[in-house]
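What follows is calculated from the coordinates using simple rules that are stated; it is not laboratory data. Quick caveat, the model's predicted, so the values are computed rather than measured.
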Amino acid sequence: MNRLPRSFYARPTPVVARALLGRRLVRILKHSAAPGAHLHPPLGQRLSGRIVEVEAYAGADDAASHACRGRTPRNAPMFGPPGHTYVYFIYGMHWMFNIVAHQDGPDTPPGAVLVRALAPDEGRPIMREHRGDRPDNILTNGPARLAQALAIDGSLTAVDLCTHPRIFVEAGAPPPDGAIACGPRVGVVGDQRARVRPWRFWIRDNSYVSRKT
DNA sequence: TTTCGGATTCACT
DNA sequence: GTGAATCCGAAAT
């Protein structure tokens, strides 16, 4: 295990977003209670995938960011230390997994990176169960899908990726610059500046990216 | 206390 | 391509 250090997340949000591509998001599930399980170390089932698509949401002047209207109980993690999680519920049924990322300090704007897609790796059979036995090509290509596949919900908001035993990001292998594409974020409507900001980053030609264009 | 709409997905046409 | 599902946070009443 080789977790990304706190300093990785303590940079401008779009910089962190781009740098997260290719890294490995890891989720450790508790073992089901098997006879004699208490005799062994709590290793747990390991699920993981490489991050292939992300979006940055940052600053007081980003109308698409949950933090744009100031701190509330929901978005409080975005105002906290970099390297923590921000998980929220939307559309009455979906969980979105974000990583808090912004420069450290008293007057720096809050920000977070939405993880939109993974290329699934370890624990695929378990992810498939979580996803209702849907085919592998729609296992983790979408923010709500990957949260479901990795069993991520609100209980994992505001936890520290640098120390939490059951969710973290490993250094992995970032793609070459030429393999990275960027463009406007998905589902952002209204405010013109927010709409056109090229803060969605993905690995070019990767089949797990949530949508074309 | 009510209303509104959302960083989405799925089933169906 | 279209509409439904379904809850909660935030703003308005």
Query raised in the report: Per-residue HN-Hα couplings for region A:74-86, Karplus 6.51 cos²θ - 1.76 cosθ + 1.60 at θ = phi - 60°, whole Hz, x for Gly and Pro?
Result: 5, 8, 3, x, 5, 8, x, x, x, x, 9, 8, 9
Requested in this report: Please find, in a Gaussian network model of chain A (springs between Cα atoms separated by less than 10 Å), the residue of A:Ile99, A:Ile167, A:Ile180 whose mean-square fluctuation is greatest.
Outcome: A:Ile180
Query raised in the report: Which of A:Arg200, A:Arg23, A:Arg134 moves the most in a Gaussian network model of chain A with Cα springs under 10 Å?
Result: A:Arg134
Requested in this report: Using only Cα positions of region A:1-126, each an equal point scatterer, no hydration layer, compute I(q)/I(0) via Debye at q = 0.12 Å⁻¹ and quote the log10 values to two decimals.
Outcome: -0.52
Query raised in the report: If you wrap a convex hull around the C-alpha atoms of region A:106-192 and split its volume per residue, what is the figure in Å³?
Result: 189 Å³
Query raised in the report: Under 5 Å between amide H atoms, partner at least 5 residues away or on a different chain: which partners does A:Val87 have, H built in plane at 1.01 Å?
Result: A:Asn98, A:Thr157, A:Ala158
Query - Shape metrics for chain A, restricted to C-alpha atoms - Rg then Dmax, Å - result: 16.8, 59
Query - Calculated P(r) of region A:146-213 - Cα pairs past 19 Å, % - result: 56 percent
Requested in this report: Report the dimensions of region A:56-114 along its three principal axes from the alpha-carbon atoms, largest first, rounded to Å.
Outcome: 35, 22, 20
**Report entry** Centre separation in Å (Cα based) which lies between region A:69-125 and region A:165-183
**Finding:** 16 Å
